[in-house]
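Written out below as structure tokens is the structure these notes cover.
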Amino acid sequence: MRYEYSTGFDTNKSARSQTYDANVSYKDLTQVCKTITGKPVLKAMVILENAIDGIKPIIYKTHAKGSGHKSQLSGKQGKFPNKASKLMLKLLKNAYSNAQSKGIDEKSIVVLHAAAFKQNVYPRYKKYFASGNVLGYGKYAMFSNYSTARVELIVGQAGLLRVKKPTKAQLKLMKKNKVEKQPAKSQTTSQVSQEQQKVTKSKVIDVKSETKPTETKNVVHAEKTSKSEVKPIQAKATGE
């Protein structure tokens with residue numbers, strides 16, 4: 001299945017990559033995307049590697065329940081999202097290689113856009129006996145659902161402006177124009193086919209006219225000559 005990007009930039013000056021159905025917390029991914037956006041690609045790679053190695057945490061401005069205040073962040077709340085950082089580092093390397101293949105200057109490549117979304121939620125129930133607030137098995141037991149995430153990333157030259165996406169009304173007009181153009185093409189093809197049929201018919205008629213009339217004329221002439229030869233002989237016979 002194809003997922004469209006939420007925003008767009010000039011394709012000649014930008015490169016992008018995305019992943020979907022990722023078994024990663026979308027809440028962690030949103031905070032990682034916020035720390036990366038607007039930074040040079042090489043610097044963003046260092047930030048992600050530091051988070052993976054446990055050197056410097058990533059700031060959590062939202063979804064920060066239970067996260068401690070870190071001294072590396074001057075007392076701000078933060079975590080070390082290992083799984084999310086690995087996924088974003090993989091995407092960032094992919095987009096960076098795409099930008100290099102397009103010939104974009106490596107020093108000017110910046111993370112233009114990074115976003116994460118909650119994608120699918122699959123309900124799951126506890127198989128074993130649950131104790132606590134709710135007792136029992138199956139759907140009556142407290143258990144979190146399995147959710148997946150989708151991430152998109154765009155890198156390119158610094159200072160690029162976003163390309164406005166067409167509105168719903170503009171998309172409808174575009175579809176109408178396509179529908180109107182299609183019958184015109186079919187008519188032209190039918191007209192061409194009819195003209196070809198006419199040409200072929202005219203050729204066949206010309207060939208028939210060249211062959212058949214000459215044969216009939218020759219036959220008629222032969223009949224006349226044979227009759228004219230026979231009649232005088234009969235006259236002579238009767239006269240004598």
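Readers should treat all values here as calculations from the given coordinates under stated rules, not as data from a laboratory. Since this is a predicted model, take the numbers as computed values, not measurements. Cβ: placed from backbone, ideal geometry, glycine included. Neighbour counts: every protein chain shown.
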Rg and Dmax [Cα atoms of segment 79-129; Å; Rg one decimal, Dmax integer]: 17.6, 59
Exposure proxy order (Cβ contacts within 10 Å, fewest to most) of Y146, Y122, Y96: Y122, Y146, Y96
Ratio of the Cα radius of gyration of segment 14-165 to 2.2 N^0.38 Å, where N counts its residues: 1.25
Point-to-point label distance, T11-S147, nm (Cα→Cβ direction, 7 Å offset): 3.4 nm
Protection-proxy order for peptides 73-82, 172-181, each taking the mean of Cβ atoms within 10 Å per residue, highest first: 73-82, 172-181
Over 14 Å [Cα-Cα, segment 41-101], rounded percent: 58 percent
Ordering of 34-45, 158-169, 59-70 by packing [mean C-beta count within 10 Å, highest first]: 34-45, 59-70, 158-169
Shape call, segment 1-81: gyration tensor on alpha carbons, a/c limit 1.5: prolate
Order by protection proxy (mean Cβ within 10 Å, highest first), peptides 49-57, 10-18: 10-18, 49-57
Nitroxide proxy distance, nm - points 7 Å out along Cα→Cβ at K181 and R2: 1.7 nm
Vicinal HN-Hα couplings computed from phi for segment 89-98 (Karplus, 6.51 cos²θ - 1.76 cosθ + 1.60; Hz; Gly/Pro x): 5, 5, 5, 5, 5, 5, 5, 5, 5, 5
